[in-house]
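Written below as structure tokens is the structure these notes are about.
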Amino acid sequence: MNPVHAKKALGQHFLRDEGIAERIAHIISGFDHPVLEVGPGMGVLTKYLLEEHRQVKVVELDDESVDYLRAAFPDLRASIIHDDFLRLNLSEVFGPEQPFMVIGNYPYNISSQIFFKILDYKELIPVAGGMLQREVARRLASPPGSKEYGILSVLLQAWYDVEYLFTVEPGVFSPPPKVKSGVIRLIRNDRKELGCDELLFKTVVKTTFNQRRKTLRNSLKPLVGKVVLPGEVDHLMGLRPEQLGVEDFVTLTNAVNQAKEE
């Protein structure tokens, strides 16, 4: 079989280190769900996922990679989805209401979009993880108060426990990326609902972080104008968004909602 040529447009950097591939596969060991691997490339991670003897499907956009996988993993042929993960209806991958896990060595150029998509299907995805650019991986797992903490940190941590597991050096890839990589794991928490309007919650988070150098009192003006928010959130208004945890944003969202209705 001919090797797959890495394509810059697809953000491909193929992992060559078998030990790291095995470590990544093991981050979802112990969870009994089918697995969807995103961007398997030449299957370095795939073969370790198959060792767990659970149902595995892979989604791959690259024609050359799909041909390679069909030849290298003949038993997997019926489970290779030749498509763009970002365009998939994930509720149809394993059947209606069937929970599954998502894992992959994600293309750096779409990794944030991948996790926004996972968030959209949070009721179907109890566990997710894999490797992405270290800067992004740290952002997803960062707690309030850190400089990396941002929009996707808040939105994911509202529904998942996010853990940064380990760093991967550029030299184990072909071609080597210019940055280090990080491996993370998301495990769905016990939260069933936010306790506020979820769409408004997203709007509040995005609005405040898009002006993260401003205090909330100033960044929220596009949403509430000069309306005075209730006293229970007054202590938050002099803060910047990176200083707020998920529960603070829930409280803030309810206050904004109340102000908008008055």
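The values are calculated or read from the model by the stated rules, or taken from the named source; none is laboratory data. Keep in mind the model is a prediction, meaning the values are calculated, not measured. With ideal geometry, Cβ positions are generated from the backbone for all residues, glycine too; neighbour counts draw on all protein chains shown. Accessible surface is based on the protein model in full, side chains and every heavy atom, while ligands, DNA and RNA are left aside. Shrake-Rupley method; radii C 1.70, N 1.55, O 1.52, S 1.80 Å.
For VAL179 and LEU239, what does the FRET efficiency come to when R0 = 30 Å and r is the distance between their Cβ atoms, rounded to the nearest 0.05?
0.45
What is the dipole size for the stretch 51-110, taken about its Cα centre, with +1 at each Lys and Arg Cβ and -1 at each Asp and Glu Cβ, in debye to the nearest 20?
140 debye
Enter the accessible area of THR167 (Å², nearest 10), with the probe set to 1.4 Å and all protein chains included.
For THR167, solvent-accessible area is about 50 Å².
I want the local charge near ILE187. Using Cβ-Cβ distances under 11 Å, sum +1 for each Lys or Arg and -1 for each Asp or Glu among the other residues.
Result for the local shell: -1.
Could you provide, to the nearest whole Å², the per residue accessible area of the stretch 35-121 with probe 1.4 Å?
44 Å²
Once phi is turned into ³J(HN,Hα) by the Karplus curve 6.51 cos²θ - 1.76 cosθ + 1.60 with θ = phi - 60°, what whole-Hz value does each residue of the stretch 131-146 show in order, with x for glycine and proline?
10, 8, 4, 4, 4, 6, 4, 5, 4, 5, 9, 5, x, x, x, 8
Using a 10 Å Cβ count of at most 12 others and DSSP loop calls, identify the longest part of the chain lacking such trypsin sites (Lys or Arg not before Pro).
Excluding the exposed sites themselves, the longest stretch runs over 1-146.
For the stretch 114-236, what is the charge dipole size about the Cα centre, in debye to the nearest 20, if Lys and Arg each add +1 at the Cβ and Asp and Glu each add -1 at the Cβ?
Here the size comes out at about 580 debye.
With all protein chains present, how much of the accessible area of the stretch 90-211 (probe radius 1.4 Å) comes from carbon and sulfur, to the nearest whole percent?
On the stretch 90-211, the fraction of accessible area on carbon and sulfur atoms equals 48 percent.
Simple spin-label model, 7 Å along Cα-to-Cβ: GLU135 to LEU165 in nm?
Once both label points are built, they end up 2.4 nm from each other.
Modelled label-to-label distance, GLU22 and ASP197, 7 Å Cα→beta-carbon offset: nm?
Distance between the two pseudo-spin positions: 5.3 nm.
Where does helix 198-209 land angle-wise versus the long Cα axis of the chain, in degrees 0 to 90, nearest 10?
Helix 198-209 and the main axis of the chain meet at about 80 degrees.
So which GluC sites (Glu not before Pro) in the stretch 177-251 are both in a DSSP loop and have at most 11 other Cβ atoms within 10 Å of their Cβ? Don't jump to the answer; show the numbers that get you there.
Numbers: sites: GLU193, GLU198, GLU232, GLU242, GLU247; in loops: GLU193.
Loop-located and lightly packed - GLU193.
Which of (i) -0.55, -1.13; (ii) -0.43, -1.17; (iii) -0.60, -1.18 is the computed log10 I(q)/I(0) by the Debye sum over Cα atoms at q = 0.10, 0.16 Å⁻¹ for the structure on display?
(i)
May I ask you to list the GluC sites (Glu not before Pro) in the stretch 1-74 that are in a DSSP loop and have at most 15 other Cβ atoms within 10 Å of their Cβ? Display every interim value, and only then the final one.
Working: sites: GLU18, GLU22, GLU37, GLU51, GLU52, GLU60, GLU64; in loops: GLU51, GLU52.
Sparse-neighbourhood loop GluC sites (Glu not before Pro): GLU51.
Using modelled backbone amide H atoms (1.01 Å from N, in-plane), which distant-in-sequence or interchain residues come within less than 5 Å of LYS180's amide H?
Distant-sequence amide H within range of LYS180: ARG134.
Compute the separation of the alpha-carbon centres of the stretch 157-217 and the stretch 61-116 and state it in Å as a whole number.
So the separation of the two Cα centres works out to 21 Å.
Given points 7 Å out from each Cα along the Cα-Cβ axis, report the LYS221 to ASP67 separation in nanometres with one decimal.
5.9 nm
As a quick test, which of the pairs LYS8/LYS214; LYS122/LYS180; LYS147/LYS180; LYS8/LYS122; LYS117/LYS214; LYS147/LYS260 have an alpha carbon distance above 26 angstrom in this structure?
Those over the limit are LYS8/LYS214; LYS122/LYS180; LYS8/LYS122; LYS117/LYS214; LYS147/LYS260.
Helix 63-72 versus the longest principal axis of the chain: what angle, 0 to 90°, nearest 10, using Cα atoms?
Tilt of helix 63-72: around 50 degrees.
Only residues of the stretch 25-44 count here: report those whose backbone N is under 20 Å from the spot 7 Å along Cα→Cβ of HIS82, or say none.
Hits in the stretch 25-44 for HIS82 at 20 Å: 37-44.
What does the charge dipole of the chain about its Cα centre add up to, to the nearest 20 debye, if the Cβ of each Lys and Arg holds +1 and the Cβ of each Asp and Glu holds -1?
1120 debye
Name the residue from ALA137, PRO177, LEU194 whose Cα lies farthest towards the positive end of the charge dipole of the stretch 122-262, charges +1 on Cβ of Lys and Arg and -1 on Cβ of Asp and Glu.
Ranked along the dipole, the leading option is PRO177.
Do the sum for the chain: with -39,500 (n - 2.57) for every DSSP H run of n ≥ 4, divided by all residues, what is the mean residue ellipticity at 222 nm, to the nearest 500 deg cm²/dmol?
About -9000 deg cm²/dmol.
Taking a ≥ b ≥ c as the square roots of the Cα gyration tensor eigenvalues, with a/c under 1.5 meaning rounded and otherwise prolate when a/b beats b/c, else oblate, which class fits the stretch 55-205?
Judged from the Cα gyration tensor, the stretch 55-205 comes out oblate (a/c at least 1.5, b/c at or above a/b).
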